[in-house]
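Notes follow once the structure below has been shown.
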Amino acid sequence: MQALLQFISSHPAGGTLSKIEWRTDEFLGVAAKNYRPHSVLCRQGDDDDRIFIIKSGWGILYRDLHNGERQIVDTPLKGDIVGFRSVDGPRFASLASITELSVYEVSRKELVEAVLSDGILGNKIACSLARLNAIFAEHLMNAGRRNAITRTAHFLLELEERLSAIGLAAHGRYECPLTQHELADVLGMTTVHVNRTLGELRKAGLVSFRAGHVHVMSRLKLVKTAGFDKEYLR
């Protein structure tokens, strides 16, 4: 319990569990587990109660479709909670690593007991999950209502904000290991369409995404193009 309180002590309410001074390599007495790139940590339909807290690296949370395609619903980053549920049952999505990924794996029972025993922790978890729901809602808006330019711009700005919060983006620049195929699965587009859209954004002097590096060249114009309001990430 003390390790858990240290884990969240410096984190502002309303965000993920990301701004942490790592005084210990344990969470609820569990050591971080490391996965190689392109490892599957859990699969859609699995019936287990593990909850994952991302310590470092990039992951993808996705749902498989009957036609063999998939939809990436989120890209969990440092401090994000994955798989928190109030009841037992099959998982709704799969979690995989796209870089080396370090995670804490704890049982739902352990985390629920910790939450119930400490009101501050419960508030932190509730705020983190509310933020995750807001991210899901924006991703639904991307896939359902925003055009290709707008949804791509919106997602790249979202990544910049999330990475800035954990010290991995600065001055409009950040590293992004997502391939164009993975980006297509996030945005609900074809790889060809993603390539074309990124080219249009680059030619317009708004943002460049090349070789895993993103450079927001004109943030004000990109925000206007995307209709981006970062309040949902608070």
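General remarks:
- Counting Lys and Arg as +1 and Asp and Glu as -1 over every other residue whose Cβ lies under 14 Å from the Cβ of LEU159, the net charge comes to -2.
- Degrees separating the helix 191-203 axis from the principal Cα axis of the chain, which is the longest one: 70 degrees
- Solvent-accessible area per residue, Å², over the chain with all protein chains present [probe radius 1.4 Å]: 49 Å²
- Alpha-carbon gyration tensor eigenvalues x 5, square-rooted, for the chain, Å: 30, 20, 16
- For the pair HIS193 and ASP229, the difference between a 0.36 nm per residue extended length and the Cα-Cα distance amounts to 10.5 nm.
- Using R0 = 25 Å, the C-beta based FRET efficiency linking ARG219 and ALA130 works out to 0.40.
- Amide H contacts of LEU41: LEU95, ALA96, SER97, each under 5 Å away and 5 or more positions distant or on a separate chain (H built 1.01 Å from N in the peptide plane; Pro and chain starts excluded).
- 0 to 90° range, to nearest 10: angle between helix 108-117 axis and the chain longest Cα axis: 70 degrees
- Ranked packing of 65-74, 163-172, 185-194, most packed first, by mean Cβ within 10 Å: 185-194, 163-172, 65-74
- With K and R counted +1 and D and E -1, the other residues having a Cβ less than 13 Å from that of ASP47 yield a net charge of +1.
- Residue-wise HN-Hα coupling along segment 210-226, computed from phi with Karplus coefficients 6.51, -1.76, 1.60 (Hz; x: Gly, Pro): 9, 6, x, 10, 10, 10, 7, 7, 9, 5, 4, 5, 5, 4, 5, 4, 7
- Set of lysines near LYS55 by C-alpha distance (under 26 Å), chain-local residues within fewer than 8 positions excluded: LYS19, LYS33, LYS78, LYS109, LYS124, LYS230
- Measuring nothing but alpha carbons in segment 19-141 and taking Rh as the Kirkwood radius, the Rg to Rh ratio lands at 0.95.
- Computed helical MRE - 222 nm, the chain, DSSP H runs ≥ 4 contributing -39500 (n - 2.57), nearest 500: -12000 deg cm²/dmol
- Listed peptides 47-53, 78-84, 141-147 appear in the order 78-84, 47-53, 141-147 once ranked by packing, highest mean of other Cβ atoms within 10 Å at the front.
The values are calculated or read from the model by the stated rules, or taken from the named source; none is laboratory data. All values reported here derive from a predicted model rather than from experimental measurement. For neighbour counting, all protein chains shown are included, and Cβ atoms are generated from backbone atoms with ideal geometry for every residue, glycine included. Protein only, heavy atoms only, side chains kept; ligands, DNA and RNA dropped before computing areas. Shrake-Rupley method; radii C 1.70, N 1.55, O 1.52, S 1.80 Å.
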